Amino acid sequence: MAALVLGLVLFLGAHSTRIFAETARAKAIARVGEGPWKGIYSLLSLVGFALIVWGFGQARSSAARLWTPPVFAGHTTILIMLLSLILIGAYIFKKSHIAVGVHHPMVWGVALWAAGHLIANGTTADVLLFGAFLVWAVADLVSAYGRDARNSVVYPLPNWGATIGAISLGVVLWIALLGGLHLWLFGVSPMAGMIR
């Protein structure tokens, strides 16, 4: 569990500088330069992500169960993940109606991913991983919307081509994960919880 905690601290910490220390972040970038800052940021993120993956894999097998998800949890999570992946697709297609409408589709996608997985999983490792990402996503959304308002951010006009692209990408990723990609990457089939 220690590796998972350390990974979360490094990864989410690196992604939280604009939430909790925007002024200090700007001063640090001015002092060391944008290139070195991005290098440090990327290194911390990669190390943190690797520790999260490894630490969660280690902790999952021995984690205490806090609750047993209800039968409908698997169905609910699969539907939530469809929305999550469409939002992540909208991050790539920035002129989609979805991206223009929510402004921060990637963070919304992470929030739904975390919430959906909390519904379907009930161990201490699950709560630590998905709970941490959910709290981070909510804090980041509050910070980002506040920053947009202060800076009077103007978003581009949406177009339907980008919207169709975002939805299509999300659906393709969703089908791929259900079709075996999730099992191959993480050793767990999302369909397993559907059969009880």
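With a point put 7 Å past each Cα toward its Cβ, work out how far Ile92 is from Ser42 in nm, to one decimal.
According to this spin-label approximation, the distance is 2.0 nm.
Would you calculate a helix-derived [θ] at 222 nm for the chain, using -39,500 (n - 2.57) for each DSSP H run of n ≥ 4 and dividing by the full residue count, to the nearest 500?
After summing the helix terms and dividing by the residues of the chain, the value is -24500 deg cm²/dmol.
Calculate, in whole percent, how much of the Cα-Cα pair population of the stretch 82-170 lies beyond 22 Å.
Taking all Cα-Cα pairs of the stretch 82-170, the fraction more than 22 Å apart is 34 percent.
Pairs of alpha-carbon atoms within less than 8 angstrom and 6+ residues apart define the contacts here; what relative contact order does the stretch 1-131 have, in percent? Show your work: numbers first, answer last.
Working: 142 pairs, mean separation 38.7, N = 131.
It comes to 30 percent, rounded to a whole number.
Rounded to whole Å and ordered largest first, report the semi-axes of the equivalent ellipsoid of the chain derived from its Cα gyration tensor (root of 5λ).
Over the Cα atoms of the chain, the semi-axes work out to 29, 24, 14 Å.
Any lysines with Cα under 19 Å of the Lys38 Cα? List them, leaving off those in the same chain fewer than 8 positions away.
List returned: Lys27.
For the chain, what are the DSSP H helices with axial Cα length of 30 Å or more and mean Kyte-Doolittle hydropathy of at least -0.5?
34-60, 124-151
Please give the peptides 11-20, 107-116, 147-156, 126-135 ranked by average Cβ packing (other Cβ atoms within 10 Å per residue), highest first, as a rough proxy for protection. Could you put the intermediate results ahead of the total?
Details: 11-20: 16.7, 107-116: 21.8, 147-156: 9.7, 126-135: 19.1.
Going from most to least packed, we get 107-116, 126-135, 11-20, 147-156.
Can you list residues whose amide H is under 5 Å from Thr123's amide H, if they're 5+ apart or on another chain and H is modeled 1.01 Å from N?
Amide H neighbours of Thr123, under 5 Å, 5+ apart: Leu66.
Between Val71 and Met1, how high is the FRET efficiency from 1/(1 + (r/R0)^6) when r is the Cβ-Cβ distance and R₀ = 25 Å? Nearest 0.05.
After rounding to 0.05, the efficiency reads 0.30.
Every number in this text was worked out from the coordinates using simple rules, so none of it is lab data. Fair warning: this is a prediction, and the values are worked out from it, not measured in the lab. Ideal geometry is used to build each Cβ from the backbone, glycine not excepted, and the neighbour counts take in all protein chains shown.
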